[in-house]
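Heads up, the thing below is written out as structure tokens.
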Amino acid sequence: MSNSALPLPAAGAALTRKCDTTGLNVCLIAERFIKLNAVCAVVFLLVGGIAAILLALTRWQAVHLLRVDWFYRILTLHGLNMLIFWILFFEVAVLYFTCTIPLNARLFSAKVAWAGFIQMLVGAVMVDYIILNGQADVLMTSYLPLLAHPLFYLGIILVATGTLTGVFNFFATLYVAKRDRTYEGSVPLVTYGATAAAIIAVVTLLHGAIVMIPTFTFSMGWTPQPDPMWYRMIWWGLGHQSQQVNVCAMVSVWYLIGQLATGAKPLNETVCRTAFLLYILFINLASAHHLLVDPAIGATWKIWNTSYAMYLAVLASMIHGFTVPASVEFAMREKGHTKGLFGWVAALPWRNPGFSGALLSLLIFGFIGGITGVTLGTQQINIIAHNTLRITGHFHATVVGGTTLAFMALAYYVIPLIFRRDFIWRSAARLQPWLFGIGILFVSLGMSFAGSMGVPRRIYDIDNSGAFGPAAHLMLGVMGLGAICAVIGLLLFVVLCVGTILFGARNAGRPMADWGVAQALPGSREGSLADDHWAVKGTIVLTGVFLACFAVYYFANWKALADVWPVR
């Protein structure tokens with residue numbers, strides 16, 4: 001971190017406590033709302049996870065669990081709980097954490113925090129009730145002219161405005177911390193990344209309000225129907241950008257856990273911060289890839305956004321995908337683990353579920369989510385893949401394998417530090433990220449390969465079409481088995497979190513039980529590799545492997561496109 005903590009004013013002493021593990025001051029008001037938002041996040045994660053296994057066992061045609069009406073109902077429930085509610089509640093908790101504890105600051109306002117939390121909770125419960133009541137079988141995108149009950153739209157509006165209220169509290173806290181000089185220098189990188197996420201969140205949630213308010217008034221019969229083309233355009237300013245809020249938060253978690261578990265520090269913070277800036281400036285353009293098959297939008301706009309501007313946002317992810325493992329490798333080599341290209345890998349703290357979860361998140365997001373995302377963002381390839389399971393295979397790798405797994409990893413540190421209870425069943429906790437990560441990997445691969453064979457998304461039954469052979473059904477089976485494994489990992493995570501909060505051994509007055517950190521070899525010393533320009537040669541090789549995989553996959557798609565539209 002680039003700041004050093006300064007003492008809080010004496011008048012605020014009663015509003016803080018000193019963390020027995022880190023020695024940092026913890027704002028008690030922020031701590032309360034971190035707890036509330038984190039608990040609600042886990043509850044909505046559980047709801048979305050139950051929906052996920054029901055859907056997977058329905059798309060797996062050999063099982064075909066749900067009736068058709070309940071399939072679309074549960075699909076709507078799954079999308080909103082997993083992509084919106086779980087992640088937004090957890091991100092508000094992350095915002096309150098990063099604007100107070102690393103900056104030695106107090107949360108701006110408890111009243112504002114209550115206002116945001118109550119809006120979010122009421123809105124989310126309202127949406128889930130309406131969905132389960134059968135009055136909103138419109139999927140997450142809720143495209144017009146499909147129409148849900150007015151409370152469905154009102155609930156989403158409340159979640160959006162509540163989150164915006166929390167984001168306001170975050171920015172106000174940053175201002176007060178800067179004004180009162182509670183820290184020196186620039187903000188830590190984790191806070192900087194959270195700030196980037198908050199800036200994107202403002203634009204994202206304003207899109208949500210802009211599109212949902214007239215849809216709500218239309219559902220009430222007060223105003224005419226909004227234009228469906230306009231709706232799709234503005235909605236994806238909410239739908240895709242919300243995932244980039246996740247990306248910023250996820251990357252911040254990577255840097256934080258890398259430092260906590262290995263002592264890794266970014267090799268060049270200026271480059272890392274510039275990458276976050278690229279997200280802010282260009283990620284909105286990436287939402288265009290959801291509209292590439294939309295006939296209402298001109299080709300020039302599509303080509304500019306997806307063939308040029310989008311790659312500036314992709315560049316940001318590639319920078320983080322290099323700097324995070326490079327900083328870890330550098331730290332491990334300075335600890336004396338210098339044997340060969342990958343000797344340092346064996347010495348990493350693999351038994352630490354926070355570290356293993358973060359590293360799996362990075363690998364799944366980069367190798368599966370990133371490669372497939374850039375490919376699907378190409379206009380010509382998108383035309384043949386857009387409404388297939390390849391799309392859902394991609395975003396299950398990014399949002400679930402990437403963001404959700406990173407947030408799970410962070411929970412292994414946040415719960416002992418904020419709830420002051422050590423984790424129960426630590427052997428199961430060490431297994432949990434692997435269960436969830438491997439399960440999601442198979443879900444993503446099964447969906448992606450089935451989609452490559454033409455299996456459509458959002459379709460209840462493909463058996464009667466006769467268009468899909470045994471290979472497609474095999475890949476749907478792979479998806480189903482992966483989903484079972486992932487949901488077991490998810491349920492284990494929920495049990496561990498709830499069990500720890502209720503029954504974990506209290507660590508008040510002592511440091512949290514250590515998950516394990518990377519150990520230095522005798523004789524190693526910090527700064528020994530300052531002039532070694534090849535100190536991250538293992539990461540350089542891994543980057544080459546990534547680029548080779550990307551090139552093979554990308555050009556294989558062009559070959560498939562040529563087979564669909566042969567040149568004569």
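Since every read-out is calculated from the coordinates, none of them should be taken as a lab result. The model shown is predicted, which means the values in this text are computed figures rather than measured ones. Neighbour counts are summed over all protein chains in view; Cβ atoms, including those assigned to glycine, are modelled from backbone coordinates with ideal geometry.
General observations
- Span-like helix ranges in the chain, DSSP H, alpha carbon extent 30 angstrom or more, Kyte mean at least 0.5: 28-59, 110-132, 150-180, 189-219, 241-262, 310-334, 426-452, 470-503, 537-564
- Spin-label proximity, residue 294 to the stretch 227-261 - amide N less than 19 Å from point 7 Å beyond Cα toward beta carbon: 227-245
- Test item: Cα-centred dipole of the chain, Lys/Arg +1 and Asp/Glu -1 on Cβ, debye: 780 debye
- For the stretch 49-87 and the stretch 111-187, distance of Cα centres in Å: 23 Å
- Extended-chain gain in nm, criterion 0.36 nm per residue less alpha-carbon gap, residue 563 and residue 548: 3.1 nm
- Here the spin labels are modelled as points 7 Å beyond Cα on the Cα-Cβ line, and at residue 180 and residue 311 they lie 4.8 nm apart.
- The stretch 367-427 and the stretch 307-361 have their alpha-carbon centroids 17 Å apart.
- Distance in nm between pseudo-label sites at residue 459 and residue 68 (7 Å out along the Cβ direction from Cα): 1.4 nm
- For the peptides 168-180, 85-97, residues were scored by their other Cβ atoms within 10 Å and the scores averaged per peptide; the highest-first order is 85-97, 168-180.
- Length available on full extension from residue 273 to residue 380: 0.36 nm per residue minus the Cα-Cα distance, which gives 35.2 nm.
- For the chain, lysine pairs separated by 8 or more sequence positions, or belonging to different chains, with Cα-Cα distances below 29 Å total 15.
- Gyration tensor verdict on the stretch 118-272 (Cα atoms; rounded if a/c is under 1.5, prolate if a/b is larger than b/c, oblate otherwise): prolate
- Counting 0.36 nm for each residue step from residue 425 to residue 498 and taking away their Cα separation leaves a gain of 25.1 nm.
- Label-to-label distance, residue 265 versus residue 111, with points set 7 angstrom from Cα along the beta-carbon direction: 4.2 nm.
- Placing a label point 7 Å from the Cα of residue 505 along the Cα-to-Cβ direction, none of the residues of the stretch 356-375 has a backbone N under 19 Å of that point.
- For peptides 395-402, 253-260, sequence by mean Cβ density within 10 Å, most packed first: 395-402, 253-260
- The chain: calculated mean residue ellipticity at 222 nm from DSSP helix runs of at least 4, using -39500 (n - 2.57): -21500 deg cm²/dmol
- Answer label for Rg and Dmax of the Cα atoms in Å (calculated), chosen among [x] 23.4, 80; [y] 22.2, 69; [z] 23.7, 68: [x]
- Amide H within-cut-off set for residue 421, under 5 Å, with H built and near neighbours excluded: 507
- Extreme residue, positive dipole direction of the chain, given options 105, 158, 78 (C-beta unit charges): 105
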